[in-house]
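Some notes on the structure that comes next.
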Amino acid sequence: MDIESRQGSRTTSVAAEVSVDWRGKPCRPNKHGGMKAAVFVLAIQAFEITAIAAVGNNLITYVFNEMHFSLSKSANVVTNFVGTVFLLSLLGGFLSDSYLGSFWTMLIFGFVELSGFILLSVQAHLPQLKPPPCNMTSGDQYCTEATGFKATIFFLALYLVALGSGCLKPNMISHGADQFGRDDPNQSKKLSTYFNTAYFSFCVGELIALTVLVWVQTRSGMDVGFGVSAGAMAIGLLIMISGAFFYRNKPPQGSIFTPIARVFVAAFTKRKQVCPSNSEMIHRSNTVAPDHPAMGGLEASSYVGNPAYTNKFRFLDKACIKAQDGSNMKESAWRLCTVAEVEQVKILISVIPVFACTIIFNTILAQLQTFSVQQGSTMNTSLTDSFKIPPASLQATPYLVLILLVPIYETCFVPFARKLTGNSSGITPLQRIGIGLFTVTFSMVAAAVIEKRRREMYVESNKLLSIFWIAPQFLIFGLSEMFTAVGLIEFFYKQSLAGMQAFLTAMTYCSYSFGFYLSSLLVSLVNNITSSSTRDGWLSDNDLNKDRLDLFYWLLAALSLVNFFIYLVCSKWYCSGRSLSTSPPTVSLGEGNYLNFSSSKHVQSEGVL
């Protein structure tokens, strides 16, 4: 039995990473890449998140007060918008890895997002594109909901922003990470530092959006606020373009789905083929480093070799076993795949449970951007006699703290943990995700306790609880996000081989998407289940003083805790069955770099020719 181990031209995208400059010429280590290039990407990330966070985090106020959608419908408009942003990240990752490259994908869709911000500003400014002014909280007025042409313009602008931002997000992360080689241990440490710095950049953008821009929206109107978002996006694009001469660019590799499809087709075609009983033989063929010079004179910038052999989904191993029909004819790429291709598909399947366990986490994020903002609007927002805190600005609380906490984590905790664990990141990405998933439960516990107290005070004595009481739920979530969000991005990026970094990074954003869609589904389900002929559902009224938002928060806390225990099982399953051997055995390669086995049913190490 022969297992394909040769990395020919058709598998270059799986085994080696190649970097070029803006002219398509080989990169030079002293000129291209590194933190000096990543700084430009960090800048576009900060300005882009500033622009879209100012829209998304205060969008429910605009939809409810000026477009006159009901409270539950407004919440669903926001969650569907944010969910679409993150779902479209898959499109951005696919286009980048397959056809455009990260830089051109960022440039094209950056301008698409900018056009959406401009159209939103125009729509919010012109009275003829909005329904007549009306107080939605007054029971004496009937407010006309935006429909027809007015709604069309609004949703067109909104989803231009979603398309641009969705395709931009995974490429900002992956393009910045591409500036560091993963084969060098020193570069690996810098890569971990980059992910923490990227989160710090994200926090700065969020903080500015939730303080300065939300204050502008509240004081000067949403049209001015949307205009400022457009300006921030334009500045970010100019900075990104300025760094073009310093970037290390990964050329697109063609459709990233083709190698995946080949593995499934080859495995199905050879479904009756017998796999070697000793899986170590496949592992050995995988650890033999192929002869991989730089392709076409390009710098092999981040050769990371083949992925370690996993003892899961062994039916896929048949895709890399030569047909035992005695013909000895060369098989096509759709019948014979390399071990690296098979292992990459196994990785894609294996990470799905880990990915799924972060969906509930992002469902909680959806509540903080919707119901918690409305919760704050029913509280005492006065800081002084003349200044009131915009409810959406409470979401800045965790980012204000994290701007101080993230550098401490990077400079103090990571070096200390690195000495204890020997891991370049201090703790593994899976451990980091687990800490975040456990911590986020307490965010909803705090939210439920405070909401119950707020509602009782208003109903019993008509008093307003201070808005600062909802700060803990935002603070706890921010702390958990520092672990979960950064850990998930680092985990997915490090699982990818050359040519799939942007797409796998995009999968992390799909967790946000599914979380926000699940939020919309939960709101509808909870309303339907808790409604009866004698009472309304928990979230069926436009008045939180009549709703039972606290019970909804308790439900999410329970789901989050159950989800954490499921994650422990999934992460343990992911780590099990993965080969830890890294030293390649001494073997002789036969003609064509195949490993030959003496029998298809019983494999011994002596059978290697």
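The values are calculated or read from the model by the stated rules, or taken from the named source; none is laboratory data. All values reported here derive from a predicted model rather than from experimental measurement. Every residue, glycine as well, gets a Cβ built from its backbone with ideal geometry; the counts of neighbours run over all protein chains shown. Keep in mind that these areas ignore ligands, DNA and RNA; they rest on the heavy atoms of the full protein, side chains included. Shrake-Rupley method; radii C 1.70, N 1.55, O 1.52, S 1.80 Å.
List of remarks:
- Partners for K130 among lysines (Cα-Cα distance below 21 Å; same-chain residues under 8 apart left out): K73, K150
- Applied to the range 423-436, the Karplus parametrisation 6.51 cos²θ - 1.76 cosθ + 1.60 on θ = phi - 60° returns per-residue 3J(HN,Hα) values of 8, 4, 9, x, 10, 5, x, 5, 5, 5, 4, x, 4, x Hz, with x for Gly and Pro.
- The magnitude of the dipole of the range 445-561, with charges of +1 and -1 set on the Cβ of Lys/Arg and Asp/Glu and taken from the Cα centre, is near 100 debye.
- Quotient of Cα Rg and 2.2 N^0.38 Å for the range 63-131, N being how many residues it contains: 1.43
- 23 Å Cα-Cα reach of K36 towards lysines, excluding residues that sit fewer than 8 places from it in its own chain: K25, K169, K189, K190, K250, K494
- Taking amide H atoms as placed 1.01 Å from N in the peptide plane, the amide H of S466 lies under 5 Å from those of N380, each 5 or more residues away in sequence or on another chain.
- Note on surface exposure: L163, L107 rank L163, L107 by accessible area, highest first, 1.4 Å probe.
- Loop sites in the range 331-400: chymotrypsin sites (Phe, Trp or Tyr not before Pro), DSSP, at most 15 other Cβ within 10 Å: W334, F387
- In this view, the solvent-accessible surface of H125, computed with a 1.4 Å probe and all protein chains in place, comes to about 110 Å².
- Modelled label positions at M457 and A244, each set 7 Å beyond Cα in the direction of Cβ, lie 5.5 nm from each other.
- Remark: accessible surface ordering of M35, M172 (largest first) is M35, M172, probe radius 1.4 Å.
- Selection of trypsin sites (Lys or Arg not before Pro), the range 467-547, meeting DSSP coil and at most 15 other Cβ within 10 Å: R535, K546
- Compared with the direct C-alpha span, the chain from R314 to S532 gains 73.3 nm at full extension, assuming 0.36 nm per residue.
- Computed 3J(HN,Hα) for the range 210-223, one whole-Hz value per residue from the Karplus formula 6.51 cos²θ - 1.76 cosθ + 1.60 where θ = phi - 60°, is 7, 10, 5, 6, 5, 5, 4, 4, 5, 8, 10, x, 5, 5, glycine and proline marked x.
- Gain on full extension, evaluated as 0.36 nm per residue between F111 and T384 minus their Cα-Cα distance, stands at 94.2 nm.
- Stretch gain in nm, segment T152-F416, where the contour uses 0.36 nm per residue and the Cα spacing is subtracted: 89.6 nm
- Inter-label distance, nm, simple model (7 Å from Cα along the C-beta direction), I352/S332: 2.7 nm
- For V526, solvent-accessible area (1.4 Å; no DNA, RNA or ligand), Å²: 10 Å²
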